[in-house]
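The values are calculated or read from the model by the stated rules, or taken from the named source; none is laboratory data. Fair warning: this is a prediction, and the values are worked out from it, not measured in the lab. Here the Cβ positions follow ideal geometry from the backbone for every residue, glycine too, while neighbour counts run over all protein chains shown. Ligands, DNA and RNA are excluded from the accessible area calculation, which covers all protein heavy atoms including side chains. Shrake-Rupley method; radii C 1.70, N 1.55, O 1.52, S 1.80 Å.
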Amino acid sequence: PASESREIYLDRDPDAFKVLLSCLRNHVALLPETDPDLCKRVLLEAEFFGVEWLLRDVKHQTLRHEPYSAGERGRYSGWDPSASTDVLKDPARAAQKFDELFGGLRDALRTGVLPSRFFRKADPYGAQAKVRHLV
């Protein structure tokens, strides 16, 4: 009968699924910064389960950090966000630009773009640092 509860068995990564479930419950990208391998597995689980908003938000945040990531492992895109700040204001367009620059989620994971650049603290919308000479 339809009223009976059925258990569903998912043969997936339990640690990654636990983090993904937390993201789903809170509708926030709560990824483990201190465990890059777990972070990668969470993103792959999000892709498997079709959690598009999470992947879009991760790509958007990573792209916002991109101009500050030249010294990071992986490839630097050379993209200048100051020429098209409208892309950074729209998460869907930013995710599309991310895919153009880095070849999508799996390529970004393979080259080291993700998760490292997702956790960068700089933000192109933030205040620019000023150097002052004190005499």
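Of all residues in the range 45-75, those that are open to solvent by less than 10 Å² (accessible area, probe 1.4 Å), modelled with pLDDT under 90 and in contact with a Pro (Cβ under 9 Å, 6 or more places away or on another chain) total 3. Within the range 21-50, being over 14 Å from the mean Cα position of the chain (by Cα) and closer than 16 Å to Arg120 by Cβ holds for one residue alone: Thr34.
State all residues of the range 76-94 that are open to solvent by 10 Å² or more (accessible area, probe 1.4 Å), modelled with pLDDT of 90 or more and among the aliphatic types (A, V, I, L, M); if no residue qualifies, say none. The one that is open to solvent by 10 Å² or more (accessible area, probe 1.4 Å), modelled with pLDDT of 90 or more and among the aliphatic types (A, V, I, L, M): Ala92. Scanning the range 32-54 for residues that are in a helix (DSSP H, G or I) and farther than 16 Å from Leu21 by Cβ gives Pro36, Asp37, Lys40, Glu52.
Go through the range 102-135 and count every residue that is among the aliphatic types (A, V, I, L, M), at pLDDT 90 or above and either over 23 Å from Trp53 (Cβ atoms) or more than 12 Å from the chain's Cα centre (by Cα) (or both). Residues in the range 102-135 being among the aliphatic types (A, V, I, L, M), at pLDDT 90 or above and either over 23 Å from Trp53 (Cβ atoms) or more than 12 Å from the chain's Cα centre (by Cα) (or both): 0 in total.
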